[in-house]
Structure formats: C-alpha cells, structure tokens
Amino acid sequence: MEPAQLLTLANRIEGLCCPEDCFTLYSLLKNIEAKGVAVEIGSFKGRVTVCLARALEEKNEGHLYTVDADLLKIRSNLLKNIEGYGLKKWVTPVFSFSAIANRGWSKPINFLWLDTDGNYFSWLADFLLWEPHVVEGGIVALSGASTFSTERILKKYIIGSGRFHDIIRSGSILFAYKGKQAKAYPAFKAIYIRTLSLCYCLFRKFIYNLKKCFLPSVKIGFLCLYII
Ligand SMILES: C[S@@+](CC[C@H](N)C(=O)[O-])C[C@H]1O[C@@H](n2cnc3c(N)ncnc32)[C@H](O)[C@@H]1O
C-alpha cells in the first residue's frame, strides 16, 4: 500500500495515533522477518488495528490479536471497522484487561504494540507481562515516545536491559528490536504483576464511572443554583 493510501485509510477511522505513526507501525509489521503473531494492547476503535491487519493481509501471513478492556465502549465500532475493511481473517479482538488476556498466553509474538493509558504503571505491567513472549528479532513498540513514562521504561527496561538494539523514536512511537531473551522470571512474579495491574485497572474503571455519574449531577446542581 502506498503511504498516501495508508494515511487515507487511517484518517477514515477515529483514533488517537496520528496517521503518520500508523504508517510507521504498518511498515514495521510488514517488513518484520521474525516469525510469530502480532499483539496490540489498546485497540480503541481500530485505527491502528486496521493498518496492522492490512500489513498482514499484504504479506499474506501472520495474525493480529488486539486487546481492549472496552473501557470507552468501543466494542461495536471496533468490530464494525475490522469487518467493514474485510480484515476479519487477520484479526482476533480480545475484549479483556491486558493482564487477564496475558494469563496462559503461549504464542510467540513477533510484534508487540502497547498503547493504553500512558501511565507509567500501565506501561510497566504490560511490558513485564508481554515482553517475555516476544521472540528474538521481534519488535516492541510503545506510544507516547519522549513522555516521562516511556522514558523510564526506555532507560530501565529497554536500554538498561542490554537486550534490545536499533532503538528508534519515530513521531510519537518508540520501538526497539529484541536481541536477547531474558531469564524467565518465577511464576509468582507474573501473578503478582497481574494482580496489581488488575487492581489498578479496576480502580481506574471505578473512577471513570464515578466521574461519569458525578459530573452531570454537579452540572445540574450549578444549573439549579443559577435558576434560583
Ligand atoms: C489510547 S487508546 C488506544 C488508541 C488506539 N491505539 C488508536 O490509535 O486509536 C487506549 C485504549 O486502551 C484501552 N485500555 C486501557 N487500559 C487497558 C488495559 N489495561 N487492558 C486493555 N485495554 C486497555 C482503553 O479501553 C482504550 O480503548
């Protein structure tokens, strides 16, 4: 697909990743040599999902698992976009918290794209849970390059681990090629990270719902005060 066509495709779908960054992700996945499945954490309405699935369709190999907890009620939009662009064969949507989707995961990953809420703790939990499944030669890509959270992950876990090479920032994407697998950590550590991540996500969901109920009541309160 020509860059202009991919930009047009990305522009047609509501999303947060800019079309140029979608093109970067599409090109990375299309040209990756390592074997495995692609995993996206944070699909939203599928802007990046559709671009990644196009890369797989053009290569005629691979599969994309796209994970979203549906915090923003995007399920029907995501499914509509995947089906609407004829990409159902290439994508499996997983509506779940990433920490839960990770439980029992055994497929080797050649492309891992993380784009959830930009909070350091979310990055860290997703990185620690999913990165061990990335094969040597695979790519780990994060959104929000140069933000405080990604910089911390970059320094400590990407550069700091000495296991990645060709670490590149492109637009707001940070990506790196995995050179070496880390020693597997004990199962209890994964359970610990998963539990913490889940508590954090549920707390965020609770705050989000609270804000949704609370804000309209405050607005109505102010309106009543104004009328009185
Ligand atoms: C920033 S948006 C993703 C934007 C998307 N990549 C795009 O460019 O349009 C974040 C998404 O991540 C989802 N999300 C946040 N935390 C999550 C978690 N722990 N597990 C799974 N999905 C999560 C939200 O429901 C939301 O749809």
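Structure notes:
- Across 72, 129, 64, mean-square fluctuation computed from a Gaussian network of the chain (C-alpha pairs under 10 Å connected) peaks at 72.
- Using C-alpha pairs under 8 Å with a sequence gap of at least 6, the mean separation divided by the residue count of segment 66-128 gives a relative contact order of 37 percent.
- Of all DSSP beta bridges in segment 3-182, antiparallel share, percent nearest 5: 35 percent
- Counting beta carbons within 10 Å around each of 143, 149, 161 and listing the fewest first gives the order 161, 149, 143.
- Cysteines without a disulfide-compatible partner [the chain; Cβ-Cβ under 4.7 Å]: 17, 18, 199, 201, 213, 224
- Taking θ as phi - 60° and the Karplus parameters 6.51, -1.76 and 1.60, the scalar couplings of segment 93-105 work out to x, 10, 8, 6, 5, 4, 5, 7, 4, 6, 5, x, 5 Hz in sequence order, x denoting glycine and proline.
- For segment 143-194, applying the loop criterion from DSSP together with a ceiling of 10 other beta carbons within 10 Å to the trypsin sites (Lys or Arg not before Pro) yields 180, 183.
- 0 to 90° range, to nearest 10: angle between helix 3-12 axis and the chain longest Cα axis: 30 degrees
- Cβ crowding within 10 Å averaged over residues, with 36-43, 76-83, 204-211 ranked highest first: 36-43, 76-83, 204-211
- The residue among 85, 28, 116 whose Cα reaches farthest toward the positive pole of the charge dipole of segment 28-140, with charges on the beta-carbon of Lys, Arg, Asp and Glu, is 85.
- The chain: angle of helix 75-84 to the longest principal axis, Cα-based, in degrees nearest 10: 50 degrees
- Selected from 19, 186, 132 as most flexible by GNM, with the chain as the system and alpha-carbon contacts under 10 Å: 186
- In the chain, helical runs assigned H by DSSP with n ≥ 4 each contribute -39500 (n - 2.57); averaged across all residues and rounded to the nearest 500, the mean residue ellipticity at 222 nm is -15000 deg cm²/dmol.
- Farthest toward positive dipole pole in segment 3-150 [+1 Lys/Arg, -1 Asp/Glu at C-beta], among 41, 150, 125: 41
- Each listed q (0.10, 0.13 Å⁻¹) maps to a log10 I(q)/I(0) for segment 1-93 from the Debye sum over equal C-alpha point scatterers, namely -0.21, -0.36.
- Each of 162, 173, 94 was placed along the dipole of the chain (beta-carbon charges, centred on the mean Cα), and the one lying farthest toward the positive end is 94.
- Each Cα pair under 8 Å and six or more residues apart adds its separation to the average, and for segment 3-182 the resulting relative contact order is 20 percent.
- Helix 187-227 axis, angle to the chain major axis (alpha carbon atoms, nearest 10°): 30 degrees
- Taking the Cα centre of segment 3-182 as reference, the dipole from Cβ charges on Lys and Arg (+1) and Asp and Glu (-1) amounts to some 200 debye.
- Value in Å of the Kirkwood radius, where segment 3-182 supplies the Cα pairs that are averaged: 16.0 Å
- An ellipsoid equivalent to segment 83-228, defined through the eigenvalues of its Cα gyration tensor, has semi-axes of 35, 18, 18 Å when rounded to whole angstrom and sorted largest first.
- Ranked 116, 24, 66, criterion: other C-beta atoms within 10 Å, fewest first: 24, 116, 66
Rule-based calculations on the coordinates, nothing more; no lab input. A quick note: this is a predicted structure, and the numbers were derived from the prediction, not measured. Cβ atoms come from the backbone with ideal geometry, glycine included; neighbour counts cover every protein chain shown.
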